[in-house]
Structures are given as structure tokens and as C-alpha cells.
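Enquirer: Provided herewith is a single structure, encoded as C-alpha cells, for subsequent inquiry.
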Protein chains: 2
Amino acid sequence: MARKSLVGVVADELLDRIIAGEFPAGSSVPGELELSAKHEVSRMTVREAMKTLEAQRILSVERGRGTFVNPLNRWASLEAVLRAASEGQNEAAASVQLIELRRMLETGACELAAARISDTDVQALFVHVAAMRAAHEVNDVAAFVEADLAFHDLILRASENVFVAVLFAPLHRVLEKRRAETSAVPAIQEHAIGHHQNIAEALESRDPSRSREAMDLHMQQTLDDLKNLVLEAP
Amino acid sequence: MARKSLVGVVADELLDRIIAGEFPAGSSVPGELELSAKHEVSRMTVREAMKTLEAQRILSVERGRGTFVNPLNRWASLEAVLRAASEGQNEAAASVQLIELRRMLETGACELAAARISDTDVQALFVHVAAMRAAHEVNDVAAFVEADLAFHDLILRASENVFVAVLFAPLHRVLEKRRAETSAVPAIQEHAIGHHQNIAEALESRDPSRSREAMDLHMQQTLDDLKNLVLEAP
DNA sequence: TAGCTGTAAGATGTCTGACATCTAACATTT
DNA sequence: AAATGTTAGATGTCAGACATCTTACAGCTA
């Protein structure tokens with residue numbers, strides 16, 4: 001076990017203490033010497049851990065003065081913010097906000113893609129929908145999820161906007177676990193197939209607002225599914 | 001001069017070489033010893049520089065093997081991706097894509113805010129619009145920009161979605177310079193005042209789709225302004 | 001007294017050299 | 001041919017030292 005490097009462990013533990021509220025925004029974290037004593041590592045290891053948090057704009061290091069915690073809205077790491085926002089009973093609210101964010105990016109990308117997608121990519125979309133249908137009939141959840149992801153990735157790329165893809169990548173990592181859960185429900189699979197079919201047809205028509213609307217309906221359904229799941233969970 | 005630390009300098013130079021294509025995605029960068037020789041710094045300095053790039057998912061370090069460049073779509077730093085996307089003649093295209101991204105986030109946040117914004121925040125929006133109008137009449141560009149930014153920040157916060165704010169922060173830094181330029185044109189100021197008035201009224205009505213539409217028109221105008229500026233520049 | 005200055009403490013920045021551990025390729029042995 | 005040992009090269013970690021910056025405070029001066 002313990003596949004992580006010491007630097008990663010120290011950085012994680014320090015981030016945990018920050019998220020737990022031990023060091024509020026604007027306050028300073030313990031000095032490098034103090035931390036190296038507490039974690040029983042060398043000062044260089046602590047420094048490298050700090051550097052990783054500084055690169056994510058979680059900490060600000062000021063030479064001669066100390067190291068300070070930045071306010072949450074300046075953090076550059078979606079994952080770190082997610083950890084902080086999921087503290088206590090806020091996990092459900094954080095999940096909803098993530099879907100809201102995904103909805104903005106995917107509907108926006110879909111609208112852009114309508115004017116830019118190639119004919120071959122449109123055909124590929126229908127192929128993915130067909131794959132979803134086939135996987136649904138033989139109850140192959142893994143294949144269903146794979147086709148689903150490929151469908152959305154294709155639209156992302158077709159939007160020809162690099163920054164959307166960059167912002168979406170961490171979202172992808174965070175959401176894929178939950179997507180596998182919801183995709184296991186047959187009824188949800190059927191809904192999803194219909195939505196994907198509509199999206200593909202809208203993109204084929206090259207109508208931006210119709211494409212955006214089709215994707216928006218899909219996102220709305222995903223949000224509803226999540227809310228039902230979260231509400232059911234004890 | 002040279003206010004930056006050695007670590008920052010080394011990290012910047014290494015990132016420049018990566019962006020210049022010297023080390024394509026998937027290939028390895030020189031070893032720590034080789035880099036410390038080339039930059040005439042110690043190995044520890046190189047290591048800390050690497051750690052900052054690793055924290056931004058620009059590099060992947062594999063113990064015993066080496067350090068490798070990640071593909072652009074896995075980079076977690078919007079600024080770094082922007083630098084890479086602005087290479088050569090792509091600066092105009094990158095600017096347009098940034099506005100497209102901003103449009104997604106701001107229209108999405110505005111739609112959410114419509115259902116969540118408080119009465120006092122709505123009043124504050126009108127105050128900001130009034131401040132923009134006053135600044136416009138006395139030709140105070142700085143005050144105009146400040147009220148403009150406060151207006152948008154308020155909507156961001158009213159959306160009550162932490163993640164939107166997090167993703168928007170780097171965009172803010174990148175775009176504020178250009179916004180100061182466009183806001184210096186009186187005609188553009190007048191357009192902006194009208195748009196902001198419409199947005200505030202839409203939010204006051206608590207109608208999500210109307211609010212989204214109002215913000216979308218504003219973003220569309222901003223995009224047009226940018227295109228005109230970029231096209232005029234030699 | 002008001003203001004400047006030097007000193008000291010504590011923090012981060014950097015360097016040097018060493019050893020540990022992992023990986024991959026090659027050589028050796030069975 | 002397969003398993004094993006060796007070695008080179010890479011990153012991971014450590015220890016101690018010195019440099020430099022910030023701040024506070026005591027002491028000196030006008």
C-alpha cells in the first residue's frame with residue numbers, strides 16, 4: 001500500500017487541515033520547520049508539498065513573512081474546491097452544483113458544435129447512439145457508459161474550443177463514477193437514448209439553438225436523476 | 001528587477017520550451033541533473049519547478065523512468081493553455097474562444113441567479129448600473145470598469161455556485177486587460193449600460209430564461225466588439 | 001519627544017552532497 | 001528459453017548550511 005510519495009501525503013494532510021478550518025483564509029500555516037517536525041519529514045519534502053499547493057493557488061508564499069491560505073474563490077483546483085465544498089452535509093449541494101456547471105459547458109459546447117461539426121462526426125454520433133441502444137438491449141452497462149462518454153467527448157471536440165475541453169476534464173473525472181451508477185438503471189438508459197438521438201438529429205440540422213435546447217433537456221434529466229438518487233439515499 | 005524566484009524562472013523557461021514544441025506531448029523532458037546544469041541552478045530548484053508544473057498537470061513524473069509532457073487537454077491551468085493556444089497566429093482565435101467560454105459561464109450563472117438572487121442584491125445591481133451611467137457622463141473609465149466588474153461579480157455570487165466562481169477567476173484575470181481597452185470607447189459604454197440595465201431588470205423579474213437571454217445579448221455584443229478590435233489591429 | 005538606525009529573530013530561498021529506491025535494459029545462469 | 005542477477009540512470013528523500021527578506025524592538029540622535 002501507500003503508493004503515494006511523501007510529498008503527496010504531506011500536501012494532502014495539510015490540505016485536509018485547511019479544509020477542516022484549522023487555518024482560515026488569510027491566516028498563515030505553520031512554518032516549514034514546524035511542519036517538517038510534525039510530519040517527521042525533511043524540510044525539503046514540506047517545501048515541495050507547499051509548492052504543489054501554491055501552484056494550485058491554495059497557498060500564497062511570501063518570503064520572509066510566511067505562507068498564507070487563499071480564499072476559496074481563488075483556488076485554481078476544481079478537485080480541491082470540491083473537497084472543501086463537500087464538507088459536512090454539503091455533499092448533495094456540491095453534486096447539484098457540479099451538474100449545473102456541466103450543464104453550462106455542455107449546452108454551450110453543443111451550441112458551438114452545431115455550426116462547426118463535420119458530416120463524418122455527425123455520422124459518428126449516430127453510431128454511438130446505435131451502440132448505446134445495442135448495449136441497452138443486452139444489458140451491457142460498461143459498453144453503454146463507454147458509448148455515452150464517447151458521444152459527449154465528440155461534441156466537446158467538435159466545439160473546437162480548447163478551453164471548454166480543459167475545464168471539462170476535471171469535471172469528467174469527478175462525475176464519471178456517479179454516471180456509472182445512474183446508467184445502471186434501465187429506465188434511465190431508455191431516457192438517455194432518446195435524448196442522445198434528439199441531440200444528434202439537432203446537430204445534423206446544424207441549428208445552434210435547437211442543438212443547445214436538445215442538450216439542455218438531456219442535462220435537465222440528468223439533474224433530475226441525480227436529485228432522485230440523492231434524495232433516496234439515507 | 002527580476003523579482004521572481006529562481007524556481008519560477010526555471011518553471012517558466014521550461015514551460016516555454018514545452019509550448020514551443022521542443023518536447024511534444026508524451027515525450028520526456030530532460031532529467032533533473034541535465035536541467036540543473038543548463039539553467040545553472042541546483043537540482044532542488046529544478047525539482048521544485050517541476051513540482052509546480054506537475055501540480056498543474058502539465059507534467060507527469062514517473063519515478064525511475066523520467067518526467068513526461070501531458071497532452072494539452074489534460075493541463076489544469078487555464079493560463080498555461082492560453083499561452084499554448086496563443087502561439088503564432090492563433091492569438092485572435094484564442095481570444096474568441098475565451099469569450100465563448102465566458103459567455104457559457106456568465107449566461108449560465110445569470111440563469112441560476114434569477115431564481116436565487118435576493119432583493120437587496122437586485123437593488124445593488126441597479127446601483128452599479130447607475131454608477132456606470134455616472135462614470136460614463138464624466139468620462140471616468142476606471143470607475144466605469146470597476147462598476148462593470150462589480151456588476152458581473154455580484155451575479156456570479158448570486159448564482160450560489162462555487163464552481164462557477166472558481167472557473168471564472170482565471171478568466172477574469174486574463175480578460176480584464178482587454179476589457180479596459182474596449183470600455184474606453186464611449187459608444188461601447190453606452191451599449192453596455194443598456195445591456196446591464198436589461199439584465200438587472202430581467203433578474204428583478206426572477207425569470208430565468210429572460211435573464212439568460214439578456215446576459216446572452218450582452219455577451220454577443222462583447223464578442224462583436226472584440227472581433228471588430230481584432231480585425232482592425234494590424 | 002520624535003525620528004532614524006542597527007540589531008536580532010524568524011521566515012522563506014537556494015545550494016551541496018549523500019543515500020535510497022524504482023525502472024529498464026542487459027548479462028548471466030539454470 | 002526462462003529465470004535471475006547486475007548495472008545504469010532516473011526520481012525520492014534526507015541533512016546541514018548559508019543567503020536574503022521582513023518585522024519588531026531597542027538604542028541612539030537631533
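The values are calculated or read from the model by the stated rules, or taken from the named source; none is laboratory data. Computed from a prediction, not measured in an experiment: that's the story for all the values here. Positions of Cβ are backbone-derived with ideal geometry, glycine not excepted, and every protein chain shown enters the neighbour counts. What goes into the accessible areas is simple: the full protein's heavy atoms, side chains included, and nothing from ligands, DNA or RNA. Shrake-Rupley method; radii C 1.70, N 1.55, O 1.52, S 1.80 Å.
Enquirer: Here is a check on your reading of the model: is residue A:179 out of contact with any His (no Cβ under 8 Å at 6 or more places or on another chain) and open to solvent by 60 Å² or more (accessible area, probe 1.4 Å)?
Expert: no
Enquirer: What pairs come up if the first residue lies in region B:115-136 and is closer than 17 Å to residue B:202 by Cβ, the second is surrounded by 19 or more Cβ atoms within 10 Å (Cβ to Cβ) and of a type in the set (Asp, Glu), and their beta carbons are under 9 Å apart, counting only those six or more places apart or on different chains?
Expert: B:128/B:148; B:132/B:148
Enquirer: Something else about it: Quick check on region B:69-84. Is at least one of its residues open to solvent by 20 Å² or more (accessible area, probe 1.4 Å) and of a type in the set (Phe, Trp, Tyr)?
Expert: No, region B:69-84 contains no residue that is open to solvent by 20 Å² or more (accessible area, probe 1.4 Å) and of a type in the set (Phe, Trp, Tyr).
Enquirer: Out of the residues in region A:18-30 that are open to solvent by less than 40 Å² (accessible area, probe 1.4 Å) and away from chain B (no Cβ under 14 Å), state the one that is farthest from DNA strand D (Cβ to nearest atom).
Expert: Checked region A:18-30; the qualifying residue farthest from DNA strand D (Cβ to nearest atom) is A:18.
Matching residues to (1) away from chain A (no Cβ under 14 Å); (2) within 18 Å of the chain's Cα centre (by Cα):
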{"position": "B:150", "(1), (2)": "yes, yes"}
{"position": "B:157", "(1), (2)": "no, yes"}
{"position": "B:170", "(1), (2)": "no, yes"}
{"position": "B:178", "(1), (2)": "yes, yes"}
{"position": "B:184", "(1), (2)": "yes, no"}
{"position": "B:187", "(1), (2)": "yes, no"}
{"position": "B:206", "(1), (2)": "yes, no"}
{"position": "B:226", "(1), (2)": "yes, yes"}
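Enquirer: Just one of the numbered conditions (1) surrounded by 15 or more Cβ atoms within 10 Å (Cβ to Cβ); (2) within 16 Å of DNA strand D (Cβ to nearest atom); (3) not β-branched (Val, Ile, Thr) is not true of residue B:103; which one?
Expert: Only one criterion is unmet by residue B:103, namely (2).
Here is a yes/no grid of residues against (1) modelled with pLDDT of 95 or more; (2) open to solvent by less than 40 Å² (accessible area, probe 1.4 Å); (3) small (Gly, Ala, Ser):
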{"residue": "A:122", "(1), (2), (3)": "yes, yes, no"}
{"residue": "A:131", "(1), (2), (3)": "yes, no, yes"}
{"residue": "A:137", "(1), (2), (3)": "no, no, no"}
{"residue": "A:141", "(1), (2), (3)": "no, no, no"}
{"residue": "A:146", "(1), (2), (3)": "no, no, no"}
{"residue": "A:191", "(1), (2), (3)": "no, no, no"}
{"residue": "A:204", "(1), (2), (3)": "yes, no, no"}
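Enquirer: While we're here: Within region A:31-54, track down each residue that is away from chain B (no Cβ under 14 Å), open to solvent by 50 Å² or more (accessible area, probe 1.4 Å), within 14 Å of DNA strand C (Cβ to nearest atom) and of a type outside the set (Gly, Ala, Ser). I'd like the intermediate steps shown before the answer.
Expert: Here is the first cut: in region A:31-54, the ones away from chain B (no Cβ under 14 Å) are A:31, A:33-41.
Now narrow it down to the ones that are open to solvent by 50 Å² or more (accessible area, probe 1.4 Å): A:33-34, A:37-38, A:40.
Still in the running and within 14 Å of DNA strand C (Cβ to nearest atom): A:33-34, A:37-38.
Matches in region A:31-54: A:33, A:34, A:38.
Enquirer: What about residue A:100, is it within 20 Å of the chain's Cα centre (by Cα), closer than 19 Å to residue A:208 by Cβ and of a type in the set (D, E, K, R)?
Expert: No; evaluated as a whole, the condition is false for this residue.
Enquirer: Considering only residues that are open to solvent by 20 Å² or more (accessible area, probe 1.4 Å) and more than 15 Å from DNA strand D (Cβ to nearest atom), look in region A:1-17 and name the one that is farthest from residue A:77 (Cα to Cα).
Expert: A:17
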